[in-house]
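What follows is a single structure, written as structure tokens, with notes after it.
The values are calculated or read from the model by the stated rules, or taken from the named source; none is laboratory data. Since the structure is predicted, the reported quantities are computational estimates derived from the model, not experimental observations. Neighbour counts are summed over all protein chains in view; Cβ atoms, including those assigned to glycine, are modelled from backbone coordinates with ideal geometry.
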Amino acid sequence: MNKTWWKEAVIYQIYPRSFMDSNGDGIGDLKGITSRLDYLKYLGIDVIWLSPVYKSPNDDNGYDISDYQDIMDEFGTMEDFDEMLAAAHERGIRIVMDLVVNHTSDEHRWFVESRKSTDNEYRDYYIWREGKDAQTPPNNWGSCFSGSAWQYDEETSMYYLHLFSKKQPDLNWDNPKVRKEVFDMMTWWCDKGIDGFRMDVISMISKTKEMPDGEVTDLYGDFSPYCIHGPNVHKYLQEMNEKVLSKYDIMTVGETAGVTIEQAKQYAGEDTHELNMVFQFEHVERNGSGKYGKWTNEQLPLTVLKKTMSRWQTELYGKAWNSLFWDNHDQPRAVSNFGDDRPQYREASAKMLATCLHMQQGTPYIYQGEELGMTNYPFQSPEEFRDIESINAYKEWCSDGVVSHEDFWPCIIFKSRDNARTPVQWDDSWQAGFTAGTPWIAVNPNYKEINAKAETADPNSVFHYYKKLIELRKKNPIMVYGKYDLMLEDSEELFVYTRTLDEEKLLVVCSFCDHETSFTVPDEFVGAPCLISNMENAYGKAEMTLKPYEAFVLKR
């Protein structure tokens, strides 16, 4: 197995709008990030994945880009970016940019031109189709953000495809001019000195020529068979690798919703010359099997979670590289989704989840605030949402009378992306130290108890537990490269596995329950020293009683 810096790194995702505001306008910005780099250096992370900071009208919080080579007004200037990049590099921290090239904003100059006429030189930069008739879109596909995936444009009396918001028209990657524009832009950023790309919905860039109606899964037809892992996706990524990626010492990770293990081996195989790793979502998306599609308030059964994560661990081993994460800007808070955010269990379960993830094989990602054990927000009404997906979903399911508010509300507040987007809780002062103004989205009211100032001062905090895990990873190659083997597969209470590298072996034990449970330590680990634990216990014994959400690692 090839050893590389990005396999050994720990990555920290920053959602700039909610990280740190430097000028009091209530919106996080680049200078705010620069001001907190010492905090990240102290935590010990190696890489920042920066969610989009490009020029954008912000229909989808920066994932609708109007200029790839300029900075969003609210976030600052290109000089601010250069200053942040230099300050990060001075601290040994790399910066990975979010690459959003499945679609642009409808305010991007390419689309402004494209919609003018059918013979405009930019027309073929996007995907245009005639309707079935004057009132009917080309097919029944639904967008990821509710409603039809097609938008009628009066200028030329045709429809354009948008798999997300109507202000996010999909690019036509079959046009070589589009690919050249994207590759030139990526080269420009690499020459500026960035350290890689996280590629937004990159598995969607190739669509089939045929675009028939999809199977109706909720209110619209499913576009997945025609737009995800399309016919030329690997060809285009290999071209991207040849033209750009292979020329720099950078890290790449692709967001590949719906990816299978076999497909992941193609996207991120050791010798396929595409990407370094992919994000797969089996353990967080539940394949849309919630009560209302993705919307559910049920936690995943532990046996299902273990089976899913273990399959990726074992089947990619030696063939492709895993990305490890519990949450990000599109997911609920980890401790609320997979742990237990009740006050008496929050810290223990946050540390347990950290242990379970960081001891697995792959590159771990920490989402801002996860290292503090931040929780979901206690939403009281739809007016508190800022996320276009949540706003549209509530309207589509409730306001239009499909289901009742009482039925849908617990599901949407559990899964809403806004849970992850409330401001980072820096201290116990007004607005949690995030801003001197009014924040763009409300601060979680538990900031008095959960904040960075208190946790960096407390050696037993969630923050210091993450810090210790990161330190252990740097000293123990077994955490990075060791082989994974699951134990107690059918237990609904314990997630137990081993890691093996040469003569070394780790036993990782994590309790996912809110009551005591018994555990028999395998003979080979009886008396082995404890590498890390979130509780005090007699870890040398064979028979143990584990406390709620206890986690420990033995090394022999």
So the check is Cβ under 8 Å with 6+ separation or different chains; which pairs have a first residue in the range 290-303 that's within 17 Å of MET352 (Cα to Cα) and a second one that's hydroxyl-bearing (Ser, Thr, Tyr)? LEU302/SER491; THR303/SER491
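For (1) of a type in the set (Ser, Thr, Tyr); (2) farther than 30 Å from VAL10 by Cβ; (3) crowded, with 20+ Cβ neighbours inside 10 Å, each residue gets a yes or a no:
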{"residue": "GLY131", "(1), (2), (3)": "no, yes, no"}
{"residue": "GLN135", "(1), (2), (3)": "no, yes, no"}
{"residue": "PRO138", "(1), (2), (3)": "no, yes, yes"}
{"residue": "LEU171", "(1), (2), (3)": "no, yes, yes"}
{"residue": "SER203", "(1), (2), (3)": "yes, no, yes"}
Residues of the range 408-443 that turn out to be without any contact (Cβ under 8 Å) to a residue 12 or more places away in the chain and either farther than 24 Å from ASP340 by Cβ or over 25 Å from the mean Cα position of the chain (by Cα) (or both), as a count: 2
Does any residue in the range 308-330 that is hydroxyl-bearing (Ser, Thr, Tyr) come within less than 8 Å, Cβ to Cβ, of a residue that is assigned to a loop (DSSP other than H, G, I, E, B) six or more places away or on a different chain, and which pairs are these? SER310/GLU489; TYR317/GLN361; SER323/GLN280; SER323/GLY362
Which one is farthest from THR498 (Cα to Cα) among residues in the range 348-387 that are over 17 Å from the mean Cα position of the chain (by Cα) and among the hydrophobic types (A, V, I, L, M, F, W, C)? PHE385
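Which strands (runs of 3 or more DSSP E) sit wholly inside the range 450-548 and have at least 3 residues that are free of Cβ contacts under 8 Å to residues at least 24 places away in the same chain?
The strands (runs of 3 or more DSSP E) meeting that bar are 494-501.
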Just wondering, is there one or more residues in the range 30-41 that are touching a strand residue (DSSP E or B) at 6+ places or on another chain (Cβ under 9 Å), part of a strand (DSSP E or B) and surrounded by fewer than 24 Cβ atoms within 10 Å (Cβ to Cβ)? no
For the range 205-223, how many residues are assigned to a loop (DSSP other than H, G, I, E, B) and either touching a residue at least 40 places away in the same chain (Cβ under 8 Å) or crowded, with 16+ Cβ neighbours inside 10 Å (or both)? 13
Just to verify a result, which residue in the range 65-92, among those that are of a type in the set (A, V, I, L, M) and within 22 Å of ASP200 (Cβ to Cβ), is surrounded by the fewest Cβ atoms within 10 Å (Cβ to Cβ)? MET78
Output for the range 383-393, where each listed residue is in a helix (DSSP H, G or I), surrounded by 13 or more Cβ atoms within 10 Å (Cβ to Cβ) and at pLDDT 90 or above: GLU384, SER390, ILE391
Selection over the range 100-129 where residues are in a strand (DSSP E or B) and surrounded by fewer than 22 Cβ atoms within 10 Å (Cβ to Cβ) yields a count of 2
